[in-house]
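To start, the structure under review is shown below, and the notes come after it.
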Amino acid sequence: MNKMLMGLTATAVALLFFGTQVFAAGSSPKPKRDTRPGVSEYNDGVKLMQRGKYEKAEKRFNAALKKNPNMAEAYNNLGYSMRKQGPQYYDEALSHYNQAIALKSNLAEAYMYRGVLYMLMGNEDKALADHRKLTQLDRKLADALQAAIASGEEPDGLDGLARKW
Amino acid sequence: MVKPATAVALAVMLLVAGCDHGHQITHRPDVNRPVGYVWELPEGFPVPLVPPDNPMTVEKVDLGRRLFYDTRLSGDGSVSCATCHLPELAFTDGKSRSVGMQGSIHPRSAMSLTNVAYNATLGWDDPALTRLEDQIRVPLLNTRPHEMGVAGREDEVLSRLRKDRRMRRLFGKAFPDDEQPVIMRNAIYAIAAFERTLISGNSPYDRWAYGGESTALNKGERAGARLFFSKRLSCFQCHAGFNFSGPVVYEGSELPEPLFHNTALYDEDGRGAYPEPNTGVHRMTGRMEDMGKFRAPTLRNIALTAPYMHDGSIPTLEAVLDHYAAGGRARPVNPGTSETEVESGSDSLMTGFELSPEEKKKLIAFLNALTDESFVRRAIKQAVR
């Protein structure tokens, strides 16, 4: 029964995140045939990230950023891919989230990812500050981050926040 | 060329348009027109959704507040909305089942009006009831049982109000386009507007989560929050989001699917039947899969709203936690199989959990930290008695 409960929880959170993608401020999906520099590498990274292959994803996001250093979403997912590889990468992940936000101050997913990282790093005040910002950008993500901070547990379904271009 | 007086008026308009707080300050180009209501929302709260046919105005809210407490708005002049929705109890009545006109007992408990503006559906069990303007007709006009007993006595009720010069003036100010403003539709719309203003978001939890006050929760309350939002207990799955409730709506939100839950309170026939007439959504749809399904109410101010559940059958928060920890008091003896779960119809989250006495204490502390004392104080102060 516990497994069933956990499964339901994961599904509910994943659905929540999936549902928010369309509404996430400042990060609406771009047309499929996007030929801008770095997009192809970025999309590869998203695929890998969503399959849990974070190390390989990290490489592809770095490749994307080499071609297009202004791609906030690539910084954000790079940060996430690094964070998922372990606490030794937390500081580096944080700097990538910061860079993503510096490039795109309304990138809701970056506040979500960074808020979770702050929570994992034990910095509740900063996590809550990201939560407050998120309430202005994406209500559903804000609620999910609030639950994560309050519980101290990483929410399921965060991989699903990344989207392809 | 702009005249100096016009320039000043424009400047005032601009200043007021940029003002986030203070719900009674706005530009007033025509003294005979109602003043637009400006929301005074807690930090991090979205703007409530207001139906286009009932825009918020200061005059309408004021009229609605007065009508809410006015016993003349009942068949025999003995009860008001506030009879079952007392501000000191976060707009509940402290009773298991509410008592309406001439002592008629309602089958269900009065729901709190805390943050009612955000509810995607209203009432305990009606997926189709989504507007306050429609919901208010239920207690006014219900005859089984009589709640406020207005059905069939509308003219008598309105006549009482029309005799009052002050009421005529208030209706006229709130609905200046109507030749005869003292009508039932306007009374209902004004009460709906007032109820939308009952926004609570200044509990210790809010000050911690939204207000940047890291010490707003004490150690026990913070530990309780950890439990509440944990995957192990999953309380937040049903009492979700900023309103700790079922689905919410607000400006710019999508329209959510209504959600109702069977929390294994009853099993009258071994197949999960609930006692009549409280069969939940089943009451509306007649479908067995809707048996015993009720809306998850907000947990804001929950410590003030005992007794609990749709029929007030659980007296305390401690007993509510025992109920959920056991997976429901009407849970079949062998709760481990999904077959019995399907048969009883209880929610799949009603699986029960271990909860130590210490954890229970912390959870209760957290639930108490959802009480917004300033909301209650303000509501009492604004009550018309």
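The values are calculated or read from the model by the stated rules, or taken from the named source; none is laboratory data. Quantities reported herein were computed from a predicted structural model and do not represent experimental measurements. Here Cβ is always computed from backbone atoms with ideal geometry, including for glycine, and neighbour counts include all displayed protein chains.
Determine if the range A:74-96 includes at least one residue that is on the phi > 0 side of the Ramachandran plot and of a type outside the set (Phe, Trp, Tyr). So far as the range A:74-96 goes, yes, one or more of its residues are on the phi > 0 side of the Ramachandran plot and of a type outside the set (Phe, Trp, Tyr). Which members of the range A:129-151 meet the condition of being out of contact with any helix residue (DSSP H, G or I) (no Cβ under 6 Å at 6 or more places or on another chain) and facing chain B (nearest Cβ under 8 Å)? Those that are out of contact with any helix residue (DSSP H, G or I) (no Cβ under 6 Å at 6 or more places or on another chain) and facing chain B (nearest Cβ under 8 Å): A:Ala129, A:Arg132, A:Arg139, A:Asp143.
Taking the conditions exactly as written (within 14 Å of another protein chain (Cβ to nearest Cβ) and either on the phi > 0 side of the Ramachandran plot or at pLDDT 95 or above (or both)), does B:Leu227 satisfy them or not? Can you show your working first?
Values: within 14 Å of another protein chain (Cβ to nearest Cβ): yes; either on the phi > 0 side of the Ramachandran plot or at pLDDT 95 or above (or both): yes.
Yes; evaluated as a whole, the condition is true for this residue.
Table: residues versus (1) in a helix (DSSP H, G or I); (2) touching a residue at least 60 places away in the same chain (Cβ under 8 Å); (3) surrounded by fewer than 19 Cβ atoms within 10 Å (Cβ to Cβ).
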{"site": "B:Pro48", "(1), (2), (3)": "no, yes, no"}
{"site": "B:Pro51", "(1), (2), (3)": "no, yes, yes"}
{"site": "B:Gly64", "(1), (2), (3)": "yes, yes, no"}
{"site": "B:Gly75", "(1), (2), (3)": "no, yes, no"}
{"site": "B:Glu88", "(1), (2), (3)": "yes, yes, yes"}
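With respect to the stated conditions, B:Glu289 fails to be under 18 Å from B:Leu41 (Cβ atoms), more than 10 Å from every other protein chain (Cβ to nearest Cβ) and in contact (Cβ under 8 Å) with a residue 40 or more places away in the chain. Out of B:Val249, B:Val281, one residue alone is touching a strand residue (DSSP E or B) at 6+ places or on another chain (Cβ under 7 Å) and within 23 Å of B:Ala110 (Cα to Cα). It is B:Val281.
Within the range A:109-129, the set of residues being closer than 10 Å to A:Asn76 by Cα and either outside any helix (DSSP H, G or I) or touching a residue at least 60 places away in the same chain (Cβ under 8 Å) (or both) comprises just one member, A:Glu109. B:Asp125 passes every criterion in (1) acidic (Asp, Glu); (2) part of a helix (DSSP H, G or I); (3) touching a Ser or Thr at 6+ places or on another chain (Cβ under 9 Å) apart from (2).
Of the residues that make up the range B:244-258, is at least one within 30 Å of A:His131 (Cβ to Cβ) and away from chain A (no Cβ under 14 Å)? Walk me through it before giving the result.
Taking the range B:244-258 as the starting set, the residues that turn out to be within 30 Å of A:His131 (Cβ to Cβ) are B:244-258.
If we keep only those that are away from chain A (no Cβ under 14 Å) as well, we get B:258.
Checked the range B:244-258: at least one residue is within 30 Å of A:His131 (Cβ to Cβ) and away from chain A (no Cβ under 14 Å).
Among the candidates B:Ala216, B:Ala240, the residue that is more than 10 Å from chain A (Cβ to nearest Cβ) and at negative phi is uniquely B:Ala216.
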